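Nothing in this text is a laboratory measurement; each read-out follows from the coordinates by a stated rule. Since the structure is predicted, the reported quantities are computational estimates derived from the model, not experimental observations. Every residue, glycine as well, gets a Cβ built from its backbone with ideal geometry; the counts of neighbours run over all protein chains shown.
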Amino acid sequence: MKQHYDLYDEKDLLVWKTLFDRQTENLSDKASLHYLSCLNEISGVLNNREIPNFDYLNKFLLERTGWEIEVVPGLIPVHDFFYLMSKRKFCSSTWLRKIEQLDYLEEPDMFHDIYGHIPLLADKRYADLMQRIGALGVKFSDNSNIIEGLERFYWFTIEFGLIRELGVNKIYGAGIISSFGESKHIYNEGVDIRPFDIIQILETDFDKSSIQNLYYVIDGFDQLDNALDTLISAFKKELEI
Ligand SMILES: [Fe+2]
């Protein structure tokens with residue numbers, strides 16, 4: 001599939017610009033410095049002036065970290081998703097929400113996929129981690145426990161992860177990055193924010209249909225690499241018993 005860039009119209013551009021401006025201002029004191037510096041570095045091809053053109057984004061990413069975008073119609077089966085990630089291809093939709101639904105989405109649109117996920121793929125360590133998740137998903141594709149573990153890991157880190165920076169909880173998970181409401185919600189009283197714990201995450205189911213109330217904070221991306229080692233050895237041990 002391809003992005004049909006000529007099919008976007010003025011209304012789409014208005015939606016993109018509105019979302020981009022509102023969220024970039026909102027995130028200035030909330031997003032991880034890793035994300036903000038990547039967003040700045042990629043700003044020649046990802047900005048509020050134009051709807052992102054995947055050809056330009058791909059050129060930028062391929063040169064930086066070898067990643068590129070794979071256009072998909074929407075959510076795809078997890079095995080396909082991991083396979084593409086193992087090849088350094090990140091799945092994105094090309095449709096954009098309407099102005100009447102700026103804050104409500106049933107499925108991820110291009111703002112979530114691109115604004116939420118793509119900037120950090122310019123960070124080498126993060127880009128390598130993402131590929132590793134995919135490669136493990138391929139390697140253990142017939143082990144449903146490991147696949148479920150990887151999905152939970154992905155959910156509580158890549159989608160909804162927080163990172164401690166200079167004593168403050170900052171956002172790096174794309175699900176929060178791309179949501180105006182959720183990026184404020186995490187600072188509300190009563191939200192359950194815990195130190196990152198891979199064993200706990202492996203035992204925790206998640207609900208895709210409502211706003212999260214449980215988040216895990218990492219100290220740095222190194223921790224995620226170590227957690228993947230723990231994840232695999234935990235299940236390997238189980239296999240041996
Ligand atoms: Fe996502």
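May I ask you to evaluate 6.51 cos²θ - 1.76 cosθ + 1.60, the Karplus curve with θ = phi - 60°, for each residue of region 83-90 and list the ³J(HN,Hα) values in order in whole Hz, giving x for glycine and proline?
Listing the rounded values in order: 4, 5, 5, 5, 9, 6, 10, 9 Hz.
Taking the square root of 5 times each eigenvalue of the Cα gyration tensor, what semi-axes in Å does the equivalent ellipsoid of the chain have, largest first?
Details: eigenvalues 159, 89, 55 Å².
Each semi-axis is √(5λ); the values are 28, 21, 17 Å.
With each label point set 7 Å from Cα along the Cα-Cβ vector, what nm distance links Asp128 and Gln200?
Modelled inter-label distance: 2.8 nm.
Can you tell me which of Asp142, Asp109, Asp55 moves the most in a GNM of the chain? Springs connect C-alpha atoms under 10 Å apart.
Taking springs between Cα atoms under 10 Å, the residue moving most is Asp142.
Tell me the label-point distance for the pair Lys11, Glu165, using the 7 Å Cα-to-Cβ offset, in nm and rounded to one decimal.
The modelled label-to-label distance comes out at 3.6 nm.
Mind pulling the angle between the C-alpha long axis of helix 144-154 and the longest principal axis of the chain? Nearest 10 degrees, somewhere in 0 to 90.
50 degrees
With springs only between Cα atoms under 10 Å apart, run a GNM on the chain and tell me which of Ile201, Ile51, Ile211 wobbles the most.
Per the Cα network of the chain with a 10 Å cutoff, Ile211 tops the list.
For region 186-241, I need the span (max minus min coordinate) of the C-alpha atoms along each principal axis, in Å, sorted largest to smallest.
43, 26, 15
Quick one: length gained pulling Asp55 to Val138 fully straight, 0.36 nm per residue minus the C-alpha distance? Walk me through the numbers on the way to the answer.
Details: separation 83, 0.36 × 83 = 29.88 nm, distance 2.70 nm.
Going from the current span to full extension adds 27.2 nm.
Per-residue HN-Hα couplings for region 219-225, Karplus 6.51 cos²θ - 1.76 cosθ + 1.60 at θ = phi - 60°, whole Hz, x for Gly and Pro?
Once θ is set to phi - 60°, the couplings for region 219-225 become 8, x, 5, 4, 4, 6, 4 Hz.
Once the other residues with Cβ under 13 Å from the Cβ of Gly66 are scored (Lys, Arg +1; Asp, Glu -1), what is the net sum? Mind dumping the intermediate values first?
Details: positive: Lys59, Arg64, Lys87, Arg88, Lys89, Lys124; negative: Glu63, Glu68, Asp123, Asp128.
Residues near Gly66 contribute +2 overall.
Just to be sure I understand: of the beta bridges DSSP finds with both ends in region 128-241, what percent are antiparallel, rounded to 5?
Details: 4 of 10 bridges.
Taking every DSSP beta bridge within region 128-241, about 40 percent pair in antiparallel fashion.
Once you compute Rg and the Kirkwood Rh from C-alpha atoms, what is the Rg to Rh ratio for region 1-112?
0.95
For the chain, modelled as a GNM with alpha-carbon contacts under 10 angstrom, which of Gln23, Gln200, Gln212 fluctuates the most?
Among Gln23, Gln200, Gln212, the largest mean-square fluctuation in the Gaussian network model of the chain belongs to Gln200.
By counting other Cβ atoms within 10 Å of each Cβ, how are Val71, Val191 ranked from fewest to most? Kindly include the intermediate steps, with their values, before the conclusion.
Values: Val71 16, Val191 13.
Lowest count first: Val191, Val71.
Under the 0.36 nm per residue contour assumption, what length would be gained going from the current alpha-carbon distance of Lys236 and Asp219 to full extension? Mind dumping the intermediate values first?
On the way: separation 17, 0.36 × 17 = 6.12 nm, distance 2.63 nm.
Contour length minus Cα-Cα distance gives 3.5 nm.
I'm a student and want to see the number: the projected area of the Cα convex hull of region 148-241, averaged over all directions, in nm². Walk me through the intermediate numbers first.
Values: hull surface 25.1 nm².
The directionally averaged projection comes out at 6.3 nm².
By how many degrees, 0 to 90 and rounded to 10, does the Cα axis of helix 10-27 deviate from the longest principal axis of the chain?
50 degrees
Testing the spin-label approximation: label points 7 Å from Cα along Cα→Cβ at Ile76 and Met1. State their distance in nm.
That separation, rounded to one decimal, is 0.8 nm.
Which whole-number percentage describes the relative contact order of the chain, with Cα contacts under 8 Å and a sequence gap of 6 or more?
It comes to 20 percent, rounded to a whole number.
Provide the gained length on full extension for the span Ile193 to Ser209, in nm with one decimal, where the gain is 0.36 nm per separating residue minus the Cα-Cα distance.
3.8 nm is the gain from fully extending Ile193 to Ser209.
Too long at a 19 Å Cα-Cα cut-off: which of Lys17/Lys98; Lys124/Lys236; Lys30/Lys184?
On the way: Lys17/Lys98 12 Å; Lys124/Lys236 28 Å; Lys30/Lys184 9 Å.
Lys124/Lys236, as the Cα separations exceed 19 Å there.
Would you grab the residues whose amide H sits under 5 Å from the one on Tyr216? Only those 5+ places off in sequence or on another chain, please, with H modelled 1.01 Å from N.
Hits under the 5 Å cutoff: Leu162, Arg194.
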